[in-house]
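**Student:** Submitted below is the structure of interest, expressed as C-alpha cells.
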C-alpha cells in the first residue's frame, strides 16, 4: 500500500485548479463538487493525462513528476468501460500485465484470477459487444487492478450503469478495493457512493478544496453549501453570535451552539428542510427566523414535496438553493407554483451553528 501526496496546479482554458491533498495507504477518498468544480481534471492530472503548471506528486517513495502514463502504476476506471472491442474479456484484462512485461501465459493467468475476483469468470471469452453495461464494468475493474496499481482512480464509475446494475457493481467494487487495500481516489456525484466506499470526503469548488473530513462527519456537519446539499441539509454561512449566526447582510439566524463558537468567528447554520415551514404571508407567533424567498422549483421527495428557493428580488444570494419539505396537502393549501414569492420560517431550536472550519472559509461568502 502506498501513500499519495499531491500538490498540483493546472490551467485549462479559463479554468484553474490548485489542489493539495493526501491519501493515506489503503484509504478511500471521495472527491465531491458541482459540475465544473475540477474533479475530473484532478484525476486526469494525477493519471498523467494533463500537463500541470505545478506537479508535486509523490506515490509511495516515487515522485511522479514527468513520469509518463504507462509508468505511473496508477489505475484509472472511468464512467465508460472503454474495453478494446477486438479483444475478449480475458485478453482485455491481460493487456496491462502483458504491457508490463509478463509472458502471455502468466498474463492470462493473472487475468483469470482477477476475473474470478470480480465474479466474471463466465465472461472470459466474450467480446465487449456481448457484455451488458454492468458486465463490462466488472471486466474494466479487473483490468484496472490487474497491473497491481499503487493508486486507483475512479471517475464516476457507476454513472453509465442502469439502476439495476449499479448496486451490485458498487458492492463488488467496495469488496475488491477493501480486499486489495489499494489506495483509492474516487470522483462521484452520488452521496451513496461516498457513504458505501469512502473513508473521507474532499469537496471542491471552483478548483479549490473548500472542505475535507471523515465521510460521516462531513455529511453530519457540512461546512460548505455543496456538501450541505449532498447531505440533504440547508446551510447558511455567516459569523457566530450569542443568538445563533449573523449573515453577511446582517440578518440574524436564531440557533443553538452544540459546541463553543467564539463570537464573530466564521460559522455555518444548519437545519433540515423538514424543519422549514412555508407561508404566503409573514408568520406570527413563536420566535423564528423568517426568510422571504422566490420558489425556484417543486420536486417530489419521498412522500413530501421539496420546495427549492431562490433569492427574492431584494433578498440575499445565500438564500439560493435553500429547501423546505412539506406535505402535498400543504402545497395544495398554499396554492403555490415556481416563481411565487413566499416565506420560509425555521425555529431557533431546529438550527445548529458550528464553526465554519478553515477549509470552508475559502469557499463561503462570509462577512
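**Student:** For residue 267, state whether it is modelled with pLDDT under 85, crowded, with 22+ Cβ neighbours inside 10 Å and in contact with a strand residue (DSSP E or B) (Cβ under 6 Å, 6 or more places away or on another chain). Before the answer, list the steps.
**Tutor:** Working: modelled with pLDDT under 85: no; crowded, with 22+ Cβ neighbours inside 10 Å: yes; in contact with a strand residue (DSSP E or B) (Cβ under 6 Å, 6 or more places away or on another chain): yes.
No: the conditions fail for residue 267.
**Student:** Just to be sure I understand, how many residues within segment 299-338 are surrounded by 11 or more Cβ atoms within 10 Å (Cβ to Cβ) and over 23 Å from residue 224 (Cα atoms)?
**Tutor:** Qualifying residue count, segment 299-338: 11.
**Student:** Still on this model: For segment 5-28: of the residues being within 15 Å of residue 154 (Cα to Cα) and touching a helix residue (DSSP H, G or I) at 6+ places or on another chain (Cβ under 9 Å), which is surrounded by the fewest Cβ atoms within 10 Å (Cβ to Cβ)? Can you show your working first?
**Tutor:** If we filter segment 5-28 for residues that are within 15 Å of residue 154 (Cα to Cα), which is where we start, we get 23, 26-28.
Imposing the further condition that a residue be touching a helix residue (DSSP H, G or I) at 6+ places or on another chain (Cβ under 9 Å) reduces the set to 26, 28.
On the way: 26: 16, 28: 24.
Only one residue tops the list, namely 26.
**Student:** If you check 163, 177, 196, 191, which single one turns out to be at pLDDT below 90, over 14 Å from the mean Cα position of the chain (by Cα), within 17 Å of residue 28 (Cβ to Cβ) and surrounded by fewer than 22 Cβ atoms within 10 Å (Cβ to Cβ)?
**Tutor:** Numbers: 163 fails: within 17 Å of residue 28 (Cβ to Cβ); 196 fails: over 14 Å from the mean Cα position of the chain (by Cα); 191 fails: over 14 Å from the mean Cα position of the chain (by Cα).
From the options 163, 177, 196, 191, the qualifying one is 177.
The values are calculated or read from the model by the stated rules, or taken from the named source; none is laboratory data. It should be emphasised that the depicted structure is a prediction, and the values quoted were computed from it without experimental measurement. We place every Cβ from the backbone using ideal geometry, glycine too, and count neighbours over all the protein chains shown.
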